[in-house]
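This report refers to the structure that appears directly beneath it.
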Amino acid sequence: MQKIAHLRKTLQSLKPFQIRNYFIYIVRLRLGAYKKAAPKFTSNEIGRFRPLNVPVSDQVLPFLLADSNRIEETAQKILNGRFFPFMKNVSEVLSLKPENPSLHWTKIHPGQNEDIKLIWEPARFSWMYSLVRAWMISKNPVYQDYFWTQIQHFNDQNPAYFGENWFSAQESAMRIITLSFCASVFLKSSPSDNKNLAILSKMIYEHACRIPSTLRYARSQNNNHWLSDAAGLMTAACVLPAARQSEYWFRLGWREFQNALNHQILPDGAYIQYSPNYHRLMLELVLWVNQLLSLKRIEWPENLHQKIGRSITWLIKHTDHISGSVCNIGHNDGSNLFPLGGEYQDFRPVLQALSKLFLAQTVFPVGPWDELYNWFIDRPLPTSSIFPCTESRSYLDDTILRIGDDHDWALLQVSGFQSRPAHDDQLNIHIFHNGRYLALDAGTYRYNSAPPWNNGLKTAFVHNSLLINQIEPMDDAGKFLWLDWDQARILKKTASSAEAEHFAYQKIGLKHTRTLERDEGWMITDRIIPISSSRKAGDFHFRLHWLLPDLDFQIQKIESGWKLATPEFNLAVTNAAIPLTIRLIRAGKPVYSTEDSFEQEAIQAISGWFSRTYDERIPALSLIITGKAPAPFTLQTEWRFP
């Protein structure tokens, strides 16, 4: 019965076009329609690779020279057979070999605890950008030679449409974009021989042929897959203009890209996946497609221009202006299509470039993050004044609950879900102080691994939120599926405060409101109120969680609660009328607790961790305050800075 109920709710949560496209995709998959031999074609049908105009500006070189030592050191590691997956700080062996190179992609079924993303990551070729940057500095042919060698290695180890690296059309699309960019840079001033160009042209042609047949799957997901597939087709059309299907690819890709953006950018500018990381990927694809449209002398439709502008502003409002880091909301799969001009967590490169293109403004002062802009845009930065994201400019100021200034700000997370939520995180709070992320969001770590690391960080138990009776606010129906969506609404916003509520606990007769106030620091007030005064009185168990950086700490019992002191901040949780218990967990293990505190084993294992990017987790501190009380009751958290 539960499976039937979940199926009904799942269908209700999807749009008709998603259900229709997924149904047709599955039927065709089961009938073997996608299991075809590699298409037969001649070199005349493919044509010859035509480089794109990148970089468009000579101003790229000064940015590279300013960081030349690090760039060349990274490139040398790649030449030695190591790379940095997901832009982690630790290098790993570079291998393009899949586990099942003799299996057609339709016959591949990744195991529940096997993470196919670890196979895909090196084959995305994102590490090639390091070779391109090093080559721009020195013009050393060793970087170009390694590029062509690795392309041949991929083709030898990944025959067309066989193996894990052909399982997802999105991976094909991402490779098309990266290979086209990097090859264009190398070929701009150093032509290659006909053999290399023939290999590259054939490879891109085969990748482009992989995409159209499964576009229905991409549409059904209504996420970054759809955008990537469309951009990949447009790219193949532009670099293989003489290919037999070139015009069809571009026409199809441009149509699909427009449709995807119209479906996926929400009215307030939020991205439909509720993830700043995927939001950035969407904007990076927009930046890339803008180059392709310029080549074809096509302009953006006005409605999309406005949507993209709102989406840029939305992401700016979730970004710290000192560090460039963002609130680590939702899925974070380590994607960064153009790692040019900043570290993985620095969103300033894409925001600066896109703000110039679509807002005719600069967001940040001139800095290393302007490198990306100069790869793509052959015009100087405007001289107009920099605008702060906290300035009141549009209705977005009433829908994004960001309080404070560039040096000290906090955000109260409120979503009106219109598509599948990523994390159970309504009313989650993020705090940045002097460029440091202090009230953390745990991130993702991995989608596929042995429990509890099979997307385990999506739970409300590791977010900065209050839980009642150990109830997960939404129904966890699968690794990527929440049902009974927990909606929220904004109650009030001023220059120094914000208040919102969510509705998850109406099913047990309670209302939860949260207020964020700025004074000498930050005050967060959680109020639990009975919906009906006639409800029978009884105690409710509550659990308040804060995820904090891994700092030295001291814990002190104070008159009305508990205080945690660190070198960077003091945090106190108080209620004078309710006895409070405390537990502090670091890297899955308790480091301080009162005798009567308790945590579920599975939740404790994923507590006290922070994931900056995919497949990386570092120790953090999970502060957990619990107690029991009849409703109504109030809990206050006070942040103070030295």
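Values quoted throughout were computed directly from the atomic coordinates according to the rules given, and no laboratory measurement underlies them. These figures come from a predicted structure and were not determined experimentally. In this analysis, Cβ positions are derived from the backbone assuming ideal geometry, glycine residues included, and neighbour counts consider all displayed protein chains.
How high is the relative contact order of the range 2-264? Use alpha-carbon pairs under 8 Å, at least six apart in sequence, and give a whole percent. Before the final figure, lay out each step's value.
Numbers: 331 pairs, mean separation 71.1, N = 263.
Over the range 2-264, the number comes to 27 percent.
Taking only pairs that are 8 or more places apart or on different chains, how many Lys pairs in the range 400-640 have Cα atoms under 17 angstrom apart?
The result is 6.
Shape verdict for the range 274-390, please, from the Cα gyration tensor: rounded (a/c under 1.5), prolate (a/b greater than b/c) or oblate. Don't jump to the answer; show the numbers that get you there.
On the way: a/c = 1.40, a/b = 1.20, b/c = 1.17.
Verdict is rounded for the range 274-390.
Which entry in (i) 26; (ii) 30; (iii) 62 is this structure's computed percent of Cα pairs over 42 Å apart?
(i)
Can you work out the FRET efficiency for the pair K139 and V366, with r the C-beta to C-beta distance and R0 = 25 Å, to the nearest 0.05?
Here the calculated transfer efficiency is 0.45.
Just to confirm a number: summing +1 for Lys and Arg and -1 for Asp and Glu over residues other than R124 whose beta-carbon lies under 12 angstrom from that of R124, what do you get? Mind showing how you got there, number by number?
Details: positive: K117, R175; negative: E121, E171, D333.
My count for the surroundings of R124 gives -1.
State, as an integer percentage, the relative contact order of the chain based on alpha-carbon contacts under 8 Å between residues 6 or more apart.
11
Which of rounded, prolate or oblate describes the range 400-640 when judged by the alpha-carbon gyration tensor and an a/c cut-off of 1.5? Intermediate results must be reported in sequence, preceding the final value.
Working: a/c = 1.16, a/b = 1.05, b/c = 1.11.
It comes out rounded by the Cα gyration axes.
Mind sorting V573, V462 by how few other Cβ atoms lie within 10 Å of their own Cβ, fewest first?
By the 10 Å Cβ count, ascending: V573, V462.
What are the lysines whose alpha-carbon lies under 26 Å from the alpha-carbon of K77, with same-chain residues fewer than 8 places away excluded?
Partners within reach: K88, K97, K117, K139, K188.
Students often forget the sequence filter, so: which lysines lie under 16 Å Cα-Cα from K202 once same-chain residues fewer than 8 apart are removed?
K40
Tell me the angle of helix 348-359 to the major Cα principal axis of the chain, expressed in degrees between 0 and 90 and rounded to the nearest ten.
Between the helix axis and the principal axis of the chain, the angle is about 80 degrees.
When the helix-only estimate is applied to the chain (DSSP H runs of n ≥ 4, each -39,500 (n - 2.57), divided by the residue count), what is the mean residue ellipticity at 222 nm, nearest 500 deg cm²/dmol?
-11000 deg cm²/dmol, from helical runs alone.
Net charge around A572, counting only other residues with Cβ within less than 12 Å of its Cβ (Lys, Arg = +1; Asp, Glu = -1)?
Neighbourhood net charge equals +1.
Where does helix 2-13 land angle-wise versus the long Cα axis of the chain, in degrees 0 to 90, nearest 10?
It works out to around 70 degrees.
Subtracting the Cα-Cα distance from 0.36 nm times the residue separation, let me have the gained length for N113 to V56 in nm, one decimal.
16.1 nm
Identify the trypsin sites (Lys or Arg not before Pro) of the range 1-51 meeting these criteria: DSSP loop state and at most 10 other C-beta atoms within 10 Å of the C-beta.
Passing sites in the range 1-51 are K40.
Kindly identify the range 538-642 as rounded, prolate or oblate by the Cα gyration tensor criterion: order the square roots of the eigenvalues as a ≥ b ≥ c, call it rounded if a/c is under 1.5, otherwise compare a/b with b/c, prolate if a/b is larger, else oblate.
Cα axes put the range 538-642 in the oblate bin.
Which chymotrypsin sites (Phe, Trp or Tyr not before Pro) does the range 469-521 hold that lie in a coil by DSSP with at most 14 other beta carbons within 10 Å?
F480
Hey, what angle do you get for helix 128-138 against the long axis of the chain, alpha-carbon based, 0 to 90 degrees rounded to 10?
Long axis of 128-138 versus the principal axis of the chain: about 60 degrees.
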